[in-house]
Structure formats: structure tokens, C-alpha cells
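Trainee: Here you go, one structure.
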């Protein structure tokens, strides 16, 4: 392993990579800080721009945007009571009251240190745990892969946003879209006699339509009221003292642990991790009464957890090929675009590259500390850019990016059609994330199911006679049903209380 | 006599509408599946199998959504007033602008057509400062050069005066 890590350093240690990591992190923080724009959007927009880079450089750019997006969300959460990204939502609880009490600089510093510690630990976990899990999963056959992909799809119930039926429809629609084109048996499906559809719809075009161009259409009537931030006033405030940081060390350690564990569970993510970490920090704190009134410990709890979830969320993706959340699903698409198929073979076949990417991920988290310290004034200013100025840039990048996939205007039409579908889905409260899961996991489910059936002479016994596939199918059932049961109990309780 | 508004309430809520769209789409595809996916022989698991299963899932969920919409509509106040219609028409017009852009793109090229599209977006947000328009036009020029020299992707140029 250490020999491969040595080789990976050669690929990583270039001036180009260093600059790209810094630039992408910078843009990620800005996008994450702008309310309504997430790291996911940044990754989608920049994905076509990475085509000209090597896989390592390209993925470092996307990881910089991913990490920056999560941290950036905390800046506006603290300063204007609006989280830039969902993962920063819990930071509002104590971050904004702290800013109101004249402790904005301390809260921003605390968010930065906690984010950096959480992120670095998470990246180290990713570096050392992933190869071990990958080694185990090398023994997997098609039936295991089918079960794992099916398990990946089961998180639909957690990301359906309250209406499971709509989530299932969205997920099924995603798999149907992934069926477009010529399948493994040489049969053309849903091509409607259009030769351009024979090779299917490229994932990048679908991502651009579903998450980037759709945002421009959805935000047509967006109100442009911007809360102004007095960055000079913040500059004059007191810095975070070392003693204050040390007082929160237990909270940061606990938050980092919670974030690491929650992040590795598919279907969860940084937002859930930060809320759990906050409630646990409050439970064990001596200053319980100060929580919600601008307590810096509260900021440390949420920020350490949401950044700690970023690295471990990539463990199931890199080792098993299961994206833990929508952002990881986009990263999975990005890996595939760069010729790297997520799964256990990634570590054996493309070891130096993947280790270079993981080490780069650790470095990005450290660079975040320097950028946060030096450029915070600039970030606060840029986070208030009007959406009116961003929408045209997003649209132009989407259209140029879709064209760049295969130098054809036909893909621009496809991106627009998908964006219109996403607009309709948004207006009908149908979640888009399950569709993305379907798009990414659909081909894996079908191909592995077909292979399993061929091996077992068309009997289903292969799925329950092999222990690993059986375990994952049971896990899929549990993962699918748990949120449903929880929601039903919650509804019953609510009805009981009302009566 | 049944109140017209009551019937509208039952049909025009998000659950029912999702169900109606989902069931119509899935039924159409299920009926025409043999034409859409032509398979030579029927096997246990053919190229039609997965789409067929998915379409049945969508159809079943859509029908339940329609029922949900009708049952829950008693608690939802749905009014279709001018504002809702205006909003809907606004979205159609906005999408139409993008469609028009795609038609114009091969004729007048990426730079000019994208400048026109982004101007339309800025007008939508009631931007009056000419400087904002200039900033966006400059970014479009940068994007064009970025794709040309960094990715070696030549974005569509005009067929009218060959170049831009």
C-alpha cells in the first residue's frame, strides 16, 4: 500500500494540481456560500471543464468544489441566517445568534477550524478504510453486485422528502432514462427511431439538465432581495482565542466521529450528521442553556460533523460503487466520465490514481484552513452576488458544457428537455435525487441481474443462497422500510395528539 | 348539482396531477412497448423486462397518488386564479426563449445567440444597469475562449457571416 502511495505522490505533486485544488476550493466556497447554490451545482457545471484534464486533476477539481461547497454553506448561515447549502442548515442555530451578539468573526473562525479538523480526519479515514473494504469486496460476483446496487436504490425512501410514492416514481423514471439506447443484448430501447439516441443519453448531459439548467428555469421568479454584510465591521471584531477553541475540543472530536459514521451510511449525509452532532453536544454540555443563543460550541458541533461526513460518504462509492447521496452520485458519474469505474477493482487496477485523489482530498481540507483565514473577507463579499448575475452565467456554462460532450447541438436539446422535466417535477413536489440514483445505478442493477440469471440458469436462488447478496438484500429491505415505518409512527402520533 | 370548484380541487392538486401525468405516460409506453422495444424472441429476462416492471411500478404509484389526491383534497384549498395561470404561462414563455435560442444557435453562432439569451434572462430579473449586461457578455467571451483553447471544443459559429 505504501509503495502505491509513493507512486501516487508523483502524480499528485505538480504545480498544476496545486493551483487547480486552490481554484476549485475557492469557487466551491463561493458557490456554497451563495444561498440556493450548492456544491452539487458547482460540480455539475465544472464537470465538462474537466474533460481536458487528467483523471487525477479533474477529480481533484471536483473534490475541491465538493469540500468548498460544504464549508461555504456555513458563511451565510452565520452572517445572514440563510445556509448556502443544506449541510449548513444546523449552523444557523448558534451561528447567527453569535453574529447578532457581535461574535461573527469568532463563529466564522470556529466554523473554519471545526470544518478543517472534521474534513482532514474524514479524509484519513477514507484513505485507510477504503482499501480494506475494497479487498473484502473483491470476492463479490454479479449476484452480490446486484444486491449492493439494489441496496443503493433502497435509500430512495430516505431522500424522497416526505412522499415515498413520488420518490419511487422519480427513481423508476431515472432507471428508464438509463435504459435509453442499445442494451447489452444489442436491442435498441426507447430510441424512437432516432439514431442519435442509440448510444443513450450521456450522464453529463442528464446531470446538467436535471440539476444546473433546471435551476435557471426553476428560479425564474426568484426574489432578489439581498441582505448586505458589513465585512469591515466583522474585521474589527475579536478573533477566536485558542482557549475558546480548546474548550470546544470534546465537541469537535464527538462531531467528527458522528460525521464519519453517519457519512458512511448511504442515504444520510452532512445535514443529518450536523443535527445529530448538535443535539449530542447540547446533551453533554455544561453550557446547555447557552445553546441557541450564540454558543460557539454549537457552531463547532455542526461544522465538524458536516465536513466529517464528506470523506466517509465516498467510502461506499469508491469501494462498492454505491453513492451515499446525490452529491456522491454526481461524483460517481464524474469518475465514470474520467474512465474510472467505482468499485473494488478501482484500488487494484487504478491504485496510484485513486490514492492520489484521496491524498489530494486531504490536502484540499488543509488548504481550506488557509483560504478561510486569508480570504474570508472576499468570501463574505462574493456570497452576496445577485442571482440575476449568476443565472446567465450558469445558463451559458450549461449550454457550452452540453455541447462539449460530443460537439453536437442535439445534446443541448436533450439537456433542455430534461430541464423542463425537472421543472415540472419541482412544481409537483417530485424529488429529483431519486432520479439521479436511478440513472447511475440502473445499468448496474440490470447488467448484474442478467449475469446472475445466466450463471444460475434463470433461477432466483442465486440471490438468497449466497450469504453476502442475501445480507445486502435484507439490508435493502431494512433501509427502505425504516424511514417508512418512522414516518407512519410519526403520522399516527400526530393524529393521536390532535384527537 | 356538484360544485365545479370542488371537482377542480379534487383534480388540480399536486398529488392528483402527478398521478395523472405518471399514469398517462406509463400506460402509453406499456401499450406501445412492443413497438418501442422490438425483441426477436421471448426469454425469461429480455430487454423489455426491466422497462415493463418499472412502468408497472410507475403506473401503480401514480394510481395511488391520484387516490391520495382525491382523498386529501378535502383539506387542501386549491384556487386557480390569474396569478397561477400567469405563472404557468411565464414558465412556458421562459422555456420558449431557450428553445428559440437552440434554433438560432447554429445560424448566428454561440457568442451572439448566448448574449441574446443571457440578455433575456437579465431582462426577466428586471436588470437595468448596462454594466451588468457588459459583465455577462465578457464572461461569455471568456467561456468561448476557455472552451476553445483549454478543451479544444469549438462552440458553434455563425453560418451567416462565418466566424463569430
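The values are calculated or read from the model by the stated rules, or taken from the named source; none is laboratory data. Quantities reported herein were computed from a predicted structural model and do not represent experimental measurements. Cβ atoms come from the backbone with ideal geometry, glycine included; neighbour counts cover every protein chain shown.
Trainee: Can we say residue A:383 is surrounded by 24 or more Cβ atoms within 10 Å (Cβ to Cβ), touching a residue at least 12 places away in the same chain (Cβ under 8 Å) and within 30 Å of residue A:169 (Cα to Cα)?
Mentor: It is false that residue A:383 is surrounded by 24 or more Cβ atoms within 10 Å (Cβ to Cβ), touching a residue at least 12 places away in the same chain (Cβ under 8 Å) and within 30 Å of residue A:169 (Cα to Cα).
Trainee: Still on this model: Going by the conditions given, is residue B:125 buried (at least 18 other Cβ atoms within 10 Å of the Cβ) and more than 19 Å from residue A:420 (Cα to Cα)?
Mentor: Against the criterion (buried (at least 18 other Cβ atoms within 10 Å of the Cβ) and more than 19 Å from residue A:420 (Cα to Cα)), residue B:125 qualifies.
Trainee: Now for a different question. Can you tell me which residue within segment A:336-349, out of those that are touching a residue at least 24 places away in the same chain (Cβ under 8 Å) and not in a helix (DSSP H, G or I), is farthest from residue A:140 (Cα to Cα)?
Mentor: Taking the candidates together, the pick is A:338.
Trainee: Does residue A:445 meet the test of being at the interface with chain B (Cβ under 9 Å from one of its Cβ atoms), in contact with a helix residue (DSSP H, G or I) (Cβ under 9 Å, 6 or more places away or on another chain), surrounded by fewer than 22 Cβ atoms within 10 Å (Cβ to Cβ) and at pLDDT below 90? Even if it seems obvious, please write down each step before you answer.
Mentor: On the way: at the interface with chain B (Cβ under 9 Å from one of its Cβ atoms): yes; in contact with a helix residue (DSSP H, G or I) (Cβ under 9 Å, 6 or more places away or on another chain): yes; surrounded by fewer than 22 Cβ atoms within 10 Å (Cβ to Cβ): yes; at pLDDT below 90: yes.
It is true that residue A:445 is at the interface with chain B (Cβ under 9 Å from one of its Cβ atoms), in contact with a helix residue (DSSP H, G or I) (Cβ under 9 Å, 6 or more places away or on another chain), surrounded by fewer than 22 Cβ atoms within 10 Å (Cβ to Cβ) and at pLDDT below 90.
Trainee: Now, a different point. Suppose we keep only residues that are within 14 Å of residue A:212 (Cα to Cα) and without any contact (Cβ under 8 Å) to a residue 12 or more places away in the chain within segment A:392-412. Which one would you say is nearest to the other protein chains (Cβ to nearest Cβ)?
Mentor: Applying the filter and picking the extreme gives A:392.
Trainee: Return the residues of segment A:457-478 that are outside any helix (DSSP H, G or I) and either at the interface with chain B (Cβ under 10 Å from one of its Cβ atoms) or touching a residue at least 60 places away in the same chain (Cβ under 8 Å) (or both); say none if nothing qualifies.
Mentor: A:457, A:458, A:459, A:466
Trainee: Here's another thing I want to ask about it. Out of curiosity, is residue A:85 within 30 Å of residue A:387 (Cβ to Cβ) and modelled with pLDDT of 85 or more?
Mentor: No; evaluated as a whole, the condition is false for this residue.
Trainee: Going through B:89, B:104 one at a time, which residue ends up being in contact with a helix residue (DSSP H, G or I) (Cβ under 7 Å, 6 or more places away or on another chain), assigned to a helix (DSSP H, G or I) and more than 9 Å from chain A (Cβ to nearest Cβ)?
Mentor: B:104
Trainee: Let me ask another. In the list A:415, A:419, which residue meets the criterion of being within 12 Å of another protein chain (Cβ to nearest Cβ) and either within 26 Å of residue B:69 (Cβ to Cβ) or assigned to a loop (DSSP other than H, G, I, E, B) (or both)?
Mentor: A:419
Trainee: Go over the candidates A:107, A:87, A:77 one by one and state the one that is crowded, with 23+ Cβ neighbours inside 10 Å, without any contact (Cβ under 8 Å) to a residue 60 or more places away in the chain and farther than 15 Å from residue A:366 by Cα.
Mentor: A:77
Trainee: Also: Filter segment B:13-29 down to the residues that are touching a residue at least 40 places away in the same chain (Cβ under 8 Å) and either at the interface with another protein chain (Cβ under 9 Å from one of its Cβ atoms) or in contact with a strand residue (DSSP E or B) (Cβ under 7 Å, 6 or more places away or on another chain) (or both) and list them by number. Let's see the steps before the verdict.
Mentor: At the first step, the residues of segment B:13-29 found to be touching a residue at least 40 places away in the same chain (Cβ under 8 Å) are B:13-23.
Once the filter is applied, which keeps residues that are touching a residue at least 40 places away in the same chain (Cβ under 8 Å) and either at the interface with another protein chain (Cβ under 9 Å from one of its Cβ atoms) or in contact with a strand residue (DSSP E or B) (Cβ under 7 Å, 6 or more places away or on another chain) (or both), segment B:13-29 yields B:14, B:15, B:17, B:18, B:19, B:21, B:22.
Trainee: Something else: Name the residue, out of B:140, B:112, that is buried (at least 16 other Cβ atoms within 10 Å of the Cβ), touching a residue at least 24 places away in the same chain (Cβ under 8 Å) and either more than 7 Å from every other protein chain (Cβ to nearest Cβ) or touching a strand residue (DSSP E or B) at 6+ places or on another chain (Cβ under 6 Å) (or both).
Mentor: Selected residue: B:112, the only one of B:140, B:112 that is buried (at least 16 other Cβ atoms within 10 Å of the Cβ), touching a residue at least 24 places away in the same chain (Cβ under 8 Å) and either more than 7 Å from every other protein chain (Cβ to nearest Cβ) or touching a strand residue (DSSP E or B) at 6+ places or on another chain (Cβ under 6 Å) (or both).
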